[in-house]
Amino acid sequence: MKFFLSDEAYKKNIKIMDSLTLEQKSIARKAGTGNPLFEAAWKKLHTLLQQNRFKDFNIEDRFDIRALSVALTGDMKLRHGIDISSALLIKVSKIIPHGSNLFIESLLQFFLSDFNLIKDPNAVGAWLSQERQRKGLNKGLEVKIFCSDGPTFFAQQAIKRNINFEAQVHSWGLDAYASGDFIKQAKSIYFVEQLQKIPVNEPHKLLEEVSKQVIAEGRYDADDLVGHVALRILIDRAPSKNVHDSWRDAVIAIAGDPRVPRSHARYIKWWSQLTSQQIKKVQGWLSKLDLKLFLEALEDYSISSRDDAMMRMFPSRKHFLEGLHESGAIVHTKLYLSKKALFYVKRHYKAEHIPEYSIVEDGDISVIYAELSNGHMVEGSHNCQIWFYKKLHESAPVLQFDKQKKTYRSLTLGLNEQMYRYGCEASDHFSHSPANFSWQRRALEALNKMGLKIRASDVLSGTDYNQYKRLYGVS
């Protein structure tokens, strides 16, 4: 199946007027006469729309209805000021009991072209369906199309009929409205529904399409945006571990990083609509991404600075952190990037694919905090110490979800001093001494004392583990 999201050209059967004089001439032609009462009605409505005062528009006679009919298919700037309410439609029906063909047709065009402007699609759609049925214009199932959930029904019907979206549009005779709000929203829903069918955890062009803001923020139904549904499908279908970058990137592009305060606008809009299990799953993905960015920044520094010692140590530090994550010991992370590391990340990743991060204000050292399943760990890039804590006081900055700017000292020695006041000082801390796996062995001891059953084979490469066994036996 092929997927396309490009807009299709379509022509509306309307005249776009450049001035009030030209508008009045066109209106006169539509009305069939140059009746001054009609021209006065248009001038009144036109003025109110220009002043954004449509609420003051009062329908008194059929000339007002005719003027509104033309405005509904007129200039976009004017249409954006129109509010079709139940009260207004009741007035229309009262003044023209048998219905106005011009108004019905104009309202239909407005419904399909400017669906997102309609505050109560159910009320407008119900009136349209009723009037079209009375006029013998109603097609089957129109009542399910002309409502707030109409785009969803339209998209799901295409899927149920097993036809492509363009064929669905054509079968309803709506080709002229392919770039209108209604069809565009239905198309977004159609494509997000297809996410159920694409290969799991593999790149697909649909992932890029549904993560576009204009698609994700479209209305799916009365309760959800398209992005909400896409998030649930992607998160539920994706694996807990080793998620493909394309699937993770699509989720972040839609909703951003969930590791922000619950009061954050992004959290309220997106993540509050998902389950705690879904959020936890994404947090696990992003912890691995944090580690990846931290290690890439470390590797970049070791290469650019031509620090041979750091370059030699990099593989072992990489294996250790990734091994901890793969073992399930890392529950949550918080990334602090140096300004240089941030520059590297922004150079290599799209902004919408970068997770939440905080800043290390001084120097070139980045820091990563890891909440463990039983304890805490803080590690800096470069030749820095690694810190283990059995517990942290709630005041510890690394526990906060807000974006921060901290000094390197405040996250290492300073954090230990702060925690000491609460009886939560580090249980151990040491530098990465490479001799005879010194730092890895000490780290394993610290982890085991905190109740984490991590083995040397979990955090060492195969070659290193063979050497480790010769020195210390099986672990």
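Values in this text are rule-based calculations from the coordinates and carry no lab data. Worth saying up front: this structure is predicted, and the values here are computed from it rather than measured. We place every Cβ from the backbone using ideal geometry, glycine too, and count neighbours over all the protein chains shown.
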* How high is the FRET efficiency from residue 305 to residue 175, r the C-beta distance, R0 56 Å, rounded to 0.05? -> 0.35
* **Taking 198, 163, 254 and counting other C-beta atoms within 10 Å, the order from fewest to most** => 163, 198, 254
* To do: Please work out the C-alpha center-to-center distance from region 198-265 to region 52-113 and express it in whole Å.
  => 39 Å
* Structure fact -> The local net charge around residue 144, scoring Lys/Arg +1 and Asp/Glu -1 for residues other than residue 144 whose Cβ lies under 13 Å from its Cβ, equals -1
* Using just the helices of the chain, give the 222 nm mean residue ellipticity in deg cm²/dmol: DSSP H runs with n ≥ 4 each add -39,500 (n - 2.57), and the total is spread over all residues, rounded to 500. => -15500 deg cm²/dmol
* **Distance violations [Cα-Cα > 18 Å] among 339/403; 281/334; 241/391; 390/453; 212/288; 184/350** => 241/391; 212/288; 184/350
* What's the Kirkwood radius of region 50-127 in Å, using all Cα pairs? -> 12.6 Å
* Structure fact -> Placing each pseudo-label 7 Å from Cα in the direction of the beta carbon, residue 272 and residue 101 end up separated by a distance in nanometres of 5.0 nm
* **Surrounding net charge for residue 441, when Lys and Arg each add one and Asp and Glu each subtract one, Cβ distance under 15 Å** => +2
* Residue-span extension gain [residue 474 to residue 427] - 0.36 nm each, minus C-alpha spacing -> 14.4 nm
* To do: Would you list which lysines come within 16 Å of residue 44, measuring only between C-alpha atoms, while excluding same-chain residues fewer than 8 positions from it?
  => 25, 55
* **Three semi-axes of the equivalent ellipsoid, region 108-236, Cα gyration tensor, whole Å, largest first** => 27, 15, 12
* **Share of Cα-Cα pairs in the chain lying beyond 38 Å, as whole percent** => 45 percent
* **Ranked 335, 295, 413, criterion: other C-beta atoms within 10 Å, fewest first** => 413, 295, 335
* **R0 of 56 Å, Cβ-Cβ distance residue 466-residue 139: FRET efficiency to nearest 0.05** => 0.15
* Relative to the first principal axis of the alpha-carbon coordinates of the chain, what is the inclination of helix 121-134, with its axis defined by its Cα atoms, in degrees from 0 to 90 and to the nearest 10? -> 30 degrees
* Asked: Seen from all sides and averaged, what is the projected area of the convex hull of the Cα atoms in region 171-228, in nm²?
  -> 4.8 nm²
* Structure fact -> Out of 194, 213, 358 - ranked by how far each Cα lies towards the positive end of the dipole of the chain, with unit charges on the beta-carbon of charged residues - the top one is 194
* Structure fact -> Here, residue 58 and residue 87, labelled 7 Å along Cα→Cβ, have an inter-label distance in nm of 1.2 nm
* Asked: By count of other Cβ within 10 Å, fewest leading, how are 463, 412, 407 ordered?
  -> 463, 407, 412
* Asked: Just for the Cα atoms in region 369-475, what are the lengths along the principal axes, largest first, rounded to whole Å?
  -> 44, 28, 22
* Helix axis angle, 20-31 relative to the chain longest principal axis, alpha carbon, degrees -> 60 degrees
* Asked: P(r) for region 235-377: what percent of alpha-carbon pairs falls in each 5 Å bin, starting at zero?
  -> 2, 9, 18, 21, 21, 16, 8, 3, 1, 0
